[in-house]
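The values are calculated or read from the model by the stated rules, or taken from the named source; none is laboratory data. Since we're looking at a predicted model, the values are computed, not measured. All Cβ positions, glycine included, derive from the backbone under ideal geometry; neighbour counts span all protein chains shown. Side chains are part of the model used for accessible areas, which takes the heavy atoms of the whole protein and leaves out ligands, DNA and RNA. Shrake-Rupley method; radii C 1.70, N 1.55, O 1.52, S 1.80 Å.
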Amino acid sequence: MGSSDFSWKLADHPKLPKGKTVAVVVLDGWGEADPDQYNCIHVAQTPTMDSLKKGAPERWRLVRAHGKAVGLPTEDDMGNSEVGHNALGAGRIFAQGAKLVDLALASGKIFEGEGFKYIKECFDKGTLHLIGLLSDGGVHSRLDQLQLLLKGCSENGAKRIRVHILTDGRDVLDGSSVGFVETLENDLAKLREKGIDAQIASGGGRMYVTMDRYENDWGVVKRGWDAQVLGEAPHKFRSAVEAVKKLREDPKANDQYLPPFVIVDESGKAVGQIVDGDAVVTFNFRADRMVMIAKALEYADFDKFDRVRVPKIRYAGMLQYDGELKLPNRYLVSPPEIDRTSGEYLVHNGIRTFACSETVKFGHVTFFWNGNRSGYFNPSMEEYVEIPSDSGITFNVQPKMKALEIAEKARDAILSRKFHQVRVNLPNGDMVGHTGDIEATVVGCKAADEAVKIILDAIEQVGGIYVVTADHGNAEDMVKRNKTGQPLLDKAGKIQILTSHTLQPVPIAIGGPGLASGVRFRKDVPDGGLANVAATVMNLHGFEAPTDYEPTLVEVVDN
């Protein structure tokens, strides 16, 4: 499997023994912030995590999980689960999602690549349709990238452009949709002045239209398909600004859940159905919420819902959303080449591996951990277990999610003594945090803490080692704040809930009866990030990491 310029054989660590069971626990959306009533991790009863923090100060620290530490363009870019798990598994920092797209747009290379040439074939006679999240949240997409894409496409021959918008309210403030739509309408008006027929064709809220993930609810994608492809939706408007303003008048309205709408002309006909000969680009750079629409646009033998009409189109993603499925087949920006992940190295060096989470984060602890690669490196050495997530409800309805089931699977794997590494993701802090329900998020954090205890108790029984960390922040701060850190209030005097990830660092703790005496966190890697965790875990398995990995966080001091 290796190539000539490196070996899969890892050197043994001079001071750390091999053969101990290592549990790697990733708490999703579990950052570190000042304690207050909006810090759900602080409010929740979390005796296990509290004891790790207070128990041995030399075996607990914070690491960076956002911005450049995980390959994103700036320190204002929140971490997310994909880039976080890429970094945790890869042990090196790769240019990621948004940064790859930024580089391709800045250099103009995006307009010279195979993917763009493929869709450009339609510009003469067909319409270019752009589908994606309209916001500057920077987690799934960014408004400035859409603006550069519109500019570049119009300069490269696109004569007729339709934008199908999805409103956010999750990674940005609820209600900000109106401003984003007004900005986009202004840009499209300028294109029309240049003789390009450009307008918004349809829309809807991201959690209700198009952007489902992990095949949780195909109805979400169908609502998008009906509006974008068939030009059919329960709400019809003459302009997108009018649409968003009107739909938000409902007292229960929320950008995330706006119903689907189509824009119609004076005769009531949809202005932007997708038809034979058109080109389609999904402009989100993050993969997880684009895979399902990509399947609907690309697969000939598709059976998840009745598409009614399947136009012959040329379709490209902003990026390839699933490397294993080669989905989509065409894309505007090539993915990072993540090779030689820690999981692959360890399997090659005899480390039997067990990985488990529930559906919503199963791909993170397998596919993303392994460098955007599906499947096993060696089926005889690995076992991956997916526990089905609750479907048909929002996660605040059952905030404990499957934390205890995941922990029990991990416990059984540890006690079986068949595995050297048992790796899990506990999703509660992130998935319940995204709902904005503070009380439910507190319940979710408590459940995650209880799950950690089950795993650590099993490690105690087998004389193993634990590494407990997180992939990014979320549950530790659930309120919007002003520059001085005070909670922001809306017009009614209520606090403005924060549903997004954060820029906070995350904890990492090590311990367990198998941890060699004298192992502690180094003081000379103060800016350590998630990518440093891989070398650390390799050390705890008794190996030295490859020389090009980010340095380990641990050292052994002779007592």
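Restricting the first member to segment 525-551 and to residues that are at positive phi, and the second to residues that are open to solvent by less than 10 Å² (accessible area, probe 1.4 Å) and part of a helix (DSSP H, G or I), no beta-carbon pair is closer than 9 Å while six or more apart or on different chains. In segment 132-145, the condition of being closer than 30 Å to Q256 by Cβ and in contact with a His (Cβ under 6 Å, 6 or more places away or on another chain) is met by at least one residue.
Looking only at residues of segment 169-223 that are open to solvent by 50 Å² or more (accessible area, probe 1.4 Å) and assigned to a helix (DSSP H, G or I), we find that the one that is farthest from E358 (Cα to Cα) is E193. Of the residues screened, G132 is not one that is within 16 Å of the chain's Cα centre (by Cα), modelled with pLDDT of 90 or more and either within 15 Å of G529 (Cβ to Cβ) or open to solvent by 40 Å² or more (accessible area, probe 1.4 Å) (or both).
Where strands (runs of 3 or more DSSP E) fall wholly inside segment 341-445, the ranges with 3 or more residues that are open to solvent by 10 Å² or more (accessible area, probe 1.4 Å) are 382-387. Answer with yes or no whether G91 is crowded, with 24+ Cβ neighbours inside 10 Å and on the phi > 0 side of the Ramachandran plot. Against the criterion (crowded, with 24+ Cβ neighbours inside 10 Å and on the phi > 0 side of the Ramachandran plot), G91 qualifies.
Of all residues in segment 139-162, those satisfying the criterion of being touching a Ser or Thr at 6+ places or on another chain (Cβ under 9 Å) and either closer than 20 Å to V178 by Cβ or open to solvent by less than 10 Å² (accessible area, probe 1.4 Å) (or both) are V139, S141, R142, L143, Q147, A158, I161, R162. Output yes when any residue across segment 110-120 is farther than 18 Å from R330 by Cα and of a type outside the set (A, V, I, L, M), and no when none is. Looking through segment 110-120, none of the residues is farther than 18 Å from R330 by Cα and of a type outside the set (A, V, I, L, M). List pairs: first in segment 287-307 and closer than 15 Å to D226 by Cβ, second aromatic (F, W, Y) and assigned to a loop (DSSP other than H, G, I, E, B), Cβ under 9 Å, 6+ apart or cross-chain? Close Cβ pairs (under 9 Å, with a partner that is aromatic (F, W, Y) and assigned to a loop (DSSP other than H, G, I, E, B)) amount to M292/Y214; A296/F302; A296/F305. Charged (D, E, K, R), open to solvent by 70 Å² or more (accessible area, probe 1.4 Å) and either closer than 27 Å to S374 by Cβ or part of a strand (DSSP E or B) (or both), is that true of K9? So K9 fits the description; yes. With respect to the conditions (1) open to solvent by less than 20 Å² (accessible area, probe 1.4 Å); (2) part of a loop (DSSP other than H, G, I, E, B); (3) touching a Ser or Thr at 6+ places or on another chain (Cβ under 7 Å), M78 falls short on a single one, namely (1). Please work out if V181 is within 15 Å of P259 (Cα to Cα) and among the hydrophobic types (A, V, I, L, M, F, W, C). In short, no.
Across segment 56-74, a minimum of one residue is classified as open to solvent by 30 Å² or more (accessible area, probe 1.4 Å), of a type in the set (S, T, N, Q), part of a loop (DSSP other than H, G, I, E, B) and free of Cβ contacts under 8 Å to residues at least 12 places away in the same chain. Taking the conditions (1) of a type in the set (D, E, K, R); (2) closer than 19 Å to D212 by Cβ; (3) touching a Phe, Trp or Tyr at 6+ places or on another chain (Cβ under 9 Å) in turn, D390 satisfies each one other than (3). For K117, the requirement of being out of contact with any helix residue (DSSP H, G or I) (no Cβ under 6 Å at 6 or more places or on another chain), part of a helix (DSSP H, G or I), modelled with pLDDT of 95 or more and closer than 19 Å to Y315 by Cβ is met. Within segment 108-122, the residues that satisfy the criterion of being open to solvent by less than 10 Å² (accessible area, probe 1.4 Å) and under 29 Å from V220 (Cα atoms) are G115, F116, I119.
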